[in-house]
Amino acid sequence: MSKKLLFVADPLDGFKTYKDSTFAMMREAAARGHALLACEQRDLRWLRGGRVSATAREIVLTGHTGRPGHDVHDWYRAGEPQAVALADVDAVLMRKDPPFDSEYFYATHLLEQAEREGARVFNRARALRDHPEKLAILEFPEFISPTLVTRDAADVRAFHAEHRDVILKPLDGMGGMGIFRVREDGLNLGSIIETLNRFGSSTLMVQRFLPEIDKGDKRILVIGGEPVPYSLARIPQGGEVRGNLAAGGRGVAQPLTRRDREIAEALGPVLAARGLLLVGLDVIGDCLTEINVTSPTCFQEITQQTGWDVAHRFIDALEQALA
């Protein structure tokens, strides 16, 4: 049965259609006859006496999808803007890319109000708030490397003195932005701490460096509590320490290892029960490094390299959740 799906996303004209996971979701949903609407986060509103609504446009895909490395700009046709109550569509898919800033935080409150009015939101608004992507790993210490969260410079120096080779990162970074490696010589450690903690006013994360990064920072997708059987190993290039695709990493799809599956099968049901239909686990070597819930990606890269259709599985899970 056809459903009406509202995607809350970044501007459609900016989509890199050859690799965008939201586009892959839309294409699969449209192929099954579902109606697509789209809006931006800024289009959400609530007025006393009414319900949470959005100024949205119905979109029809043209079939122009681009090829690897080449996005297209005429991939959709859009109808006239219309006010749509979120509770009147069958599903709201929150696909706004990070960062998780104040405006994203406020949007989750509007989405949660929409849920109280009967809307079905994926991922659930409260779950988005409760799982900051860097800090969510603290709930699962058995799967992570030595990790410190602090704003105190002395704490960072003591952690470096113990582990000798560390990674420092801001809690609100994305795409590898703001990540630093400090080796045993401690070169520039003080300057890096000042940059990240803003002289003690901001919290940062420090982790022991994992040399397995040279084999890739693996993105493991978990859909409806079950792992996709392939990860995308994002391998650093050109002397970089960051494997993120946005930082120039090369994505190589590969079957899950036994450890990958152990982590995914332990976390998957727990996170799914909290309303997280789609999760992206980041794993380096045998260690969990992040839990991505805002707008997990890598659908198209995995599908193109393995033939395993990630978007098909996601829409299956969405339909099951709506049944």
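The values are calculated or read from the model by the stated rules, or taken from the named source; none is laboratory data. Just so it is clear, the model here is predicted, and its values are computed rather than measured. Cβ atoms come from the backbone with ideal geometry, glycine included; neighbour counts cover every protein chain shown.
Results for (1) at pLDDT 95 or above; (2) within 22 Å of I235 (Cα to Cα); (3) assigned to a loop (DSSP other than H, G, I, E, B); (4) not assigned by TED's automatic domain parsing to the domain that holds D286, shown as yes or no for each residue.
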| position | (1), (2), (3), (4) |
| --- | --- |
| D155 | yes, no, no, yes |
| E162 | yes, no, no, yes |
| I167 | yes, yes, no, yes |
| G178 | no, yes, yes, yes |
| E184 | yes, no, yes, yes |
| I193 | yes, no, no, yes |
| F199 | no, no, yes, yes |
| R219 | yes, yes, no, no |
*asked:* Restricting to region 276-294, name every residue that is small (G, A, S) and buried (at least 20 other Cβ atoms within 10 Å of the Cβ).
replied: G280
_If K134 meets every condition in (1) surrounded by fewer than 19 Cβ atoms within 10 Å (Cβ to Cβ); (2) closer than 28 Å to S102 by Cβ apart from one, which number is that one?_
(1)
*Would you mind finding the one in L47, L36, L6 that is at pLDDT 95 or above, part of a loop (DSSP other than H, G, I, E, B) and of a type in the set (A, V, I, L, M)?*
L47
_Criterion: surrounded by fewer than 22 Cβ atoms within 10 Å (Cβ to Cβ), over 21 Å from P141 (Cβ atoms) and out of contact with any His (no Cβ under 8 Å at 6 or more places or on another chain) - qualifying residue of A253, A266_ = A253
_For region 278-292, which positions are acidic (D, E) and in contact with a Ser or Thr (Cβ under 7 Å, 6 or more places away or on another chain)?_
D282
*Within region 80-91, can one find any residue that is part of a helix (DSSP H, G or I), among the hydrophobic types (A, V, I, L, M, F, W, C) and closer than 28 Å to E319 by Cβ?*
yes
*How many residues does region 137-149 hold that are in a helix (DSSP H, G or I) and within 19 Å of R259 (Cβ to Cβ)?*
5
*Exclusive hit being assigned to a strand (DSSP E or B) and modelled with pLDDT under 95, set G173, G251*: G251
